[in-house]
Amino acid sequence: MPPTNTHTTFDWEVVLDALEDQKCVLFLGPQLYTAPGGGVMEEALAEALGAQNPDNPFIRNYYEEDGFFLFREARFRRRVVRQIRQFYEQPFPESQELLEKVARIPFHLIFLMTPDNLLLDTLRRGGYPFQHDFYFRNQPAKDYVFPTRDNPLIYHMLGCLEEDESLVLTHNDLFDYLHSVFNSNSMHQELKTELADAYNYLFLGLPFEKWYLQLLLRVLSLHTDKLKSLERFASRPEAPTEKGLFEEQFNIEFVPDQAPAFIEELYRQCEGRGLLRPLPEQSGHGTVEAAFAKIQKWIARADIQKAMEELKGLLEPYRPRSEELLRELLLLMSSYQNLEKQSQLGIDGPEAGKEKNRIIYALLSLMDEAKKLT
C-alpha cells in the first residue's frame with residue numbers, strides 16, 4: 001500500500017511490530033476529541049459548567065491552565081460531577097469515526113486521561129470484548145487479568161465517571177493520586193509491570209503544557225534507565241518549550257501531525273498489514289442484541305446454566321455499573337446450582353418446579369435490567 005503524504009518519513013513498522021508483540025501502549029488525552037459542534041473538549045466542558053463565571057454557585061475557582069476546580073463547599077462536588085456526566089453523555093459525532101478506528105487498532109493496553117466513557121461505549125456498541133479498570137484512590141486494585149489484543153484493558157488514569165469519588169478534579173485530588181499510585185495503592189503492581197515491560201508508547205492528544213504530566217509519567221515508571229531502548233511517539237504539542245522538555249527528559253519523539261491524523265494513518269497502516277481487530281460479525285462475538293437473542297435461545301431450550309453464563313459475560317465489561325446486577329446474577333446462579341444438585345441426588349421435592357420457575361422469571365427480569373444498562 002503506497003504511503004500517504006502524512007508521516008512519509010515515519011517508521012510505521014516499529015509501531016506495527018510492537019502491536020503484534022503486544023508491547024505497544026496507547027495513552028489518549030483530551031486533545032484527541034472534538035467537542036460537539038466543534039472546538040476544544042476542555043474549553044467546551046468549562047463553558048458548559050460555567051466554570052469561569054465568578055457567580056457560579058458551586059465552583060469558586062477554575063484553574064484553566066491545569067483544568068482543576070476549587071469548589072465553594074465539598075458537598076458541591078457531586079453537583080458538578082453530575083453536570084460533567086451530562087456533558088459527556090451527549091453525542092460526540094465529530095469524534096465517533098475516530099473512536100471506531102481506535103477500537104479496531106489492536107492495542108492490548110490503553111490509558112485514558114479523560115473520565116468519559118466515549119471509547120468504552122464505542123467498544124460496547126460494536127460488541128468488542130474488553131476489560132475496564134480505573135484509578136480509585138486508596139482503594140485496593142481489582143484482580144488483574146493480563147490484557148491481550150483480543151481482550152484489551154482500558155484504564156482510566158484519573159478516575160472514571162462511573163465512580164464519582166475516583167475523579168481527579170482538584171489539586172488535592174491530584175496529590176492524593178500521586179501518593180496513592182506511588183505507594184502501589186489503587187493500581188495493580190502487575191499493571192505497572194506490564195507498562196514497564198512495553199517498548200513502544202504512543203501519547204496522543206495529551207496536555208503536554210500541564211505541569212503535572214511530568215509527575216504522572218514519572219510515577220508510572222515511565223522515566224527509567226532503559227529510556228534509550230524504548231520508542232516513544234507523541235502528537236505535536238502546542239508549545240515548542242514543552243516539545244524540547246519531553247524530548248530531552250522522556251525520550252519522546254514528536255510526529256508532525258496532531259492526534260486525529262496520526263490515528264487515521266495508523267489505522268490505514270494496520271489495515272494494510274492485516275492487523276485490525278475483526279468486526280464483531282467476523283470474530284463471532286456478535287452485537288449486544290445478538291447476545292440477548294442467544295440468552296433467550298438458551299432459556300427457550302431450558303439450558304438455564306448456559307443462559308446465566310452468557311448474561312454474566314455480557315455484564316462484566318460494564319463494571320462497575322453492572323456490579324449490582326452481577327451480584328444478583330451470582331446469587332441466582334448459586335440457587336440454580338443448588339437446585340440442580342438436589343435433583344441429581346433425587347431429593348428434589350414438589351416445590352422444585354416452582355423454584356425453577358422463580359429462577360427463570362428472575363433471570364428474565366435481570367435481562368430487562370441489563371438491556372437498560374447496555
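The values are calculated or read from the model by the stated rules, or taken from the named source; none is laboratory data. Quick caveat, the model's predicted, so the values are computed rather than measured. Cβ atoms come from the backbone with ideal geometry, glycine included; neighbour counts cover every protein chain shown.
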Going through (1) in the same structural domain as G127 (by TED's automatic domain parsing); (2) farther than 25 Å from L213 by Cα; (3) touching a Leu at 6+ places or on another chain (Cβ under 9 Å) one by one, C24 fails only at (2)
Would you mind stating whether A35 is under 30 Å from G274 (Cα atoms), among the hydrophobic types (A, V, I, L, M, F, W, C) and assigned by TED's automatic domain parsing to the domain that holds G205?
no
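Can I59 be described as within 20 Å of the chain's Cα centre (by Cα), modelled with pLDDT of 95 or more and of a type outside the set (K, R)?
Numbers: within 20 Å of the chain's Cα centre (by Cα): no; modelled with pLDDT of 95 or more: yes; of a type outside the set (K, R): yes.
When the stated conditions are applied, I59 does not pass them.
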Counting just the residues of region 180-207 that are modelled with pLDDT of 80 or more and part of a loop (DSSP other than H, G, I, E, B), which one comes out surrounded by the most Cβ atoms within 10 Å (Cβ to Cβ)?
L206
Checked A307, A291 against criteria (in a helix (DSSP H, G or I) and at pLDDT 85 or above); the one match is A307
Restricting attention to region 313-336, which residues are at pLDDT 85 or above and either farther than 17 Å from A300 by Cα or touching a Gly at 6+ places or on another chain (Cβ under 6 Å) (or both)?
E324, L325, L326, R327, E328, L329, L330, L331, L332, M333, S334, S335
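Of the residues G127, G159, which single one is touching a Ser or Thr at 6+ places or on another chain (Cβ under 6 Å) and farther than 23 Å from R85 by Cβ? Before the answer, list the steps.
Details: G159 fails: farther than 23 Å from R85 by Cβ.
Of G127, G159, the one residue that is touching a Ser or Thr at 6+ places or on another chain (Cβ under 6 Å) and farther than 23 Å from R85 by Cβ is G127.
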Inter-residue pairs, beta-carbon under 9 Å, first in the same structural domain as K354 (by TED's automatic domain parsing) and over 14 Å from I304 (Cα atoms) and in region 327-343, second among the acidic types (D, E) and part of a helix (DSSP H, G or I), 6+ apart
E328/E369
Give me a count of the residues in region 106-139 that are buried (at least 22 other Cβ atoms within 10 Å of the Cβ), of a type in the set (S, T, N, Q) and either more than 17 Å from L315 (Cα to Cα) or not assigned by TED's automatic domain parsing to the domain that holds Y267 (or both).
1
